[in-house]
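Reading through the C-alpha cells given below for one structure.
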Amino acid sequence: MAKKSTARKAKEVLLIANGDLRLSANQNCWAAQQKMEQALTQAVKDVSGGKYKIKRAHPYDKNEKHGFISSQKQGMDIFKKIDPKAPLIVAEAVWQYSHHVLHGLITHQGPILTVANWSGTWPGLVGMLNLNGSLTKAGVKYGTLWSNDFTDKYFTSRLLKWLTTGKCTHPKSHVKALPKVKVPTKASSTGNKLAAELIKDKAIMGIFDEGCMGMFNAIIPDHLLNPTGVYKERLSQSALFYEASTVSNKEAKEIRAWYKKKGMTFHTGKNHKTDLTEEQILKQCKMYIAAVRIADDFGCDTIGIQYQQGLKDLMPASDLVEGTLNNTDRPPVKSRDGKRVLYRGQAIPHFNEVDECAGLDGLMTFRVHKALGQPVENTLHDLRWGDYDASGTVDDYVWVFLISGSAPPAHHIGGWKGTDGLRQPAMYFPNGGSTVRGIAKPGEIVWSRIYVQNGKLNMDLGRGGVVKLPKKETERRWNETTVEWPIMHAVTYGVSRDQMMAQHQANHIQCAYAKDEKAADLTMLTKATMAKAMGMKVNICGTKKNGSAW
C-alpha cells in the first residue's frame, strides 16, 4: 500500500497587477510586468522554502493583450472573487491608476503588500508610491517593498517577515518631528506671520477638473484645506478649451515669438502623430493665454490643469503652459480688452496633474521664498528613479527627479536658452505638444511633500542639492527614463534610497532652489514653521548638508 505524502500544500498568496487606463500604455508595459511577476513569484518560493506560492487573482486578457486591471469597474469585479482575508500582493512595474483597486484594498481584511520594481524605464516605483499615499490617506494598513531584482537581503528578509506575520516595517530614524528641531527666530517669526496672513486674508486654488489618473492621495478634502486659508475654485477643462478657442492667431504668434527671442529651441517636424509641429505649439500658446485669463477672472493665487483624460483628446499637452506659468520671466498676457497685463512680472504657481498637495505646497513655497528674497520658482517632480553615478563624478546616491513634461526654465542650466521643447510621447499624448525640457542647474534645494494621514494634513521637508553630471551620464539617465522630460540630478542630504521610499507618501516631490546653503536651511525651516502654524503635522527629514542633525 502506497504511503500518503506528508508534504504540506503551499499557502497561496494572491497577486493583482493594477495598470493604466490607457490601452497603449498597458500593452507596452506588459512584458516588463510579466518579468517582474516571475521574479517575485520565485522570490516568494525561495524565501519561504516553498511554504508559500503566488497565485494571480485575475487572468491575462487575450483581447486587450495585457494582464493589468485597467478600470475601477474591472477592479470591483475582480475583488468580488477575492477572499477578503487572503494575503494580497499588489505588484507594480508600471504607472497605475490607484482608484482601480483602492476600493477593494480599503475593505480587504487580509495583509496587504505593495511591491515595485526598481526601474527608470518601467516606473512601477512611481505607481507604487502613489498607491501607498492613497492607502495612507484612506487609513489602510499595508506593507511596502521594492527591489532591483528581488534577491537582495533588504527585500527578501522583509518579504519573509510579511509572509509569516503579515507585517513589513522599515527604520525611519531620519524623520524628526518639527517640535524637536531648533528653529531660528527669523524662520519662526516669518513662518508664523505668513501663516497668519494666509489664514486671515485667504487664497484661491483654481482646479481645472479635480482628480487626475486616479491619484486619490493628491486630493485634499475641503474640510482639511479650508482651515489653512486656501479655498478651491473648481474650474472646468471644457472652459479652458473654449477660452483657448477664442484666442486669436495673432496673440498666439506673439507668444511663440517671445519664446524664440528668449532662445528656447523647439524640435519640430511635419507629422502630427510623431512630431512636434508648429500648429501644436501655437495651440499651446493659446492655452497659456486662456489659462492666465481664467485665473485672473476668478482671482486665483495658484492653478492646476489636469490635462490627461479628456483634454488630451482635444488639445496638445499642457506642459509648455505649465512650465511657463511657473517662471517669473514669462510672456506677458493681456486682458481680453487689452487694457491690463495680467499678473505682471510674477510667476503664477501651477501644480501639475492637479495635485492639490503640490498646489498648497507650491503656494506656500512661493510666499516663503518671496518674503525671504529667494527664487520663487518651484515645481513638483516625479520621484522617478535613482542610481549611483556611473561616471564616478559624484559619490552620493543621485536621484532622478523627472517631471512629466515641464519645469520652470529658471531651474535649468542656461534658463530659457538651455531649455528645449520635444514632442510629448505618443503613447500618452496623441495630440503631442511641446515639453519644457532642461537639465536642472547645480545648487541648493529644499524638497517637501504635503500628504493626508490619520485625517490630518502632514508635511515632510528636507534639504538637498542638485549636482552636475557628465553629459554621458545625464543621457544614460534620460534614456533609462523619458528623454523628452526635464531632469534634476538630486542628492537628498541624510536620506538614503530606502529611507525615502519608506517614508514618502506620493509619486511627486516639490522642489525649490535657494541662493546658497544658509538660505536653503532658512527657507526650509520657515516653510516648516508656516505649515505647523497652518495646522499641519510637520517632519524634518535627513540632515544638514554637512551631515549634522537638525
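Pairs of C-alpha atoms in the chain farther apart than 46 Å represent 12 percent of all such pairs.
The modelled label-to-label distance between Lys55 and Tyr397, using points 7 Å beyond Cα along the C-beta direction, is 3.6 nm. Against the main long axis of the alpha-carbon atoms of the chain, helix 185-201 sits at an angle near 80°. The solvent-accessible area of Asp389, taken with every protein chain present and a 1.4 Å probe, is close to 10 Å².
Residue ranking by accessible heavy-atom surface, 1.4 Å probe, largest first, among Arg497, Arg340 comes out as Arg340, Arg497. By its C-alpha gyration tensor, with a ≥ b ≥ c as the square roots of the eigenvalues, how is the stretch 61-124 shaped: rounded for a/c under 1.5, else prolate for a/b larger than b/c, else oblate? Cα axes put the stretch 61-124 in the oblate bin. Over the chain, DSSP H runs of length four or greater, each weighted -39,500 (n - 2.57), average out per residue to a 222 nm ellipticity of -11500 deg cm²/dmol. Between Gln34 and Lys339, the modelled label-to-label distance comes to 6.5 nm, taking each label 7 Å out from Cα in the direction of the beta carbon.
Karplus-derived 3J(HN,Hα) values for the stretch 23-34, using 6.51 cos²θ - 1.76 cosθ + 1.60 with θ = phi - 60°, are 4, 4, 5, 5, 5, 5, 9, 5, 4, 5, 5, 4 Hz; glycine and proline are entered as x. The packing ranking, built from the mean of other Cβ atoms within 10 Å per residue, places the peptides 241-251, 100-110 in the order 100-110, 241-251, highest first.
Expressed as a whole percent, the accessible area of the stretch 496-542 that falls on carbon and sulfur atoms is 48 (1.4 Å probe).
By the rule of a C-alpha distance below 19 Å, with chain neighbours fewer than 8 residues away ignored, the aspartates and glutamates paired with Lys80 are Glu12, Asp61.
On a 0 to 90° scale, report how tilted helix 471-480 is relative to the longest principal axis of the chain, with both axes built from alpha carbons and the result rounded to the nearest 10. The answer is roughly 60 degrees.
State whether the stretch 34-189 is rounded, prolate or oblate according to the following rule on the C-alpha gyration tensor (a ≥ b ≥ c being the square roots of its eigenvalues): a/c under 1.5 gives rounded; otherwise a/b larger than b/c gives prolate, and the remaining case gives oblate.
It comes out prolate by the Cα gyration axes.
Give the shape of the stretch 371-528 as rounded, prolate or oblate, defined through the alpha-carbon gyration tensor: a ≥ b ≥ c are the square roots of its eigenvalues, a/c under 1.5 means rounded, and otherwise the shape is prolate if a/b is larger than b/c and oblate if not. The shape class here is rounded.
Distance between the pseudo-spin-label points of Asp149 and Asn271 (7 Å out from Cα toward the beta carbon): 3.8 nm. Counting only protein heavy atoms and a 1.4 Å probe, the stretch 326-399 has 36 square angstrom of accessible area per residue. Judged by the mean number of other Cβ atoms found within 10 Å, the most tightly packed of the peptides 185-195, 170-180 leads the ranking 185-195, 170-180. For the stretch 100-235, the equivalent ellipsoid derived from the Cα gyration tensor has semi-axes of 35, 22, 15 Å, listed largest first. Note on Thr246/Arg8: beta-carbon distance plugged into 1/(1 + (r/R0)^6) with R0 of 56 Å gives a FRET efficiency of 0.20.
Legend: residue pairs Lys270/Lys334; Lys65/Lys472; Lys260/Lys545; Lys312/Lys339; Lys370/Lys545; Lys81/Lys172, Cα-Cα distance threshold 27 Å; pairs beyond threshold, Lys270/Lys334; Lys65/Lys472; Lys260/Lys545; Lys312/Lys339; Lys81/Lys172. Between Glu279 and Glu64, the contour length at 0.36 nm per residue exceeds the alpha carbon distance by 74.1 nm.
The values are calculated or read from the model by the stated rules, or taken from the named source; none is laboratory data. In this text, all values refer to a predicted model and were calculated from it rather than measured experimentally. We place every Cβ from the backbone using ideal geometry, glycine too, and count neighbours over all the protein chains shown. With ligands, DNA and RNA removed, areas are computed over all heavy atoms of the protein, side chains included. Shrake-Rupley method; radii C 1.70, N 1.55, O 1.52, S 1.80 Å.
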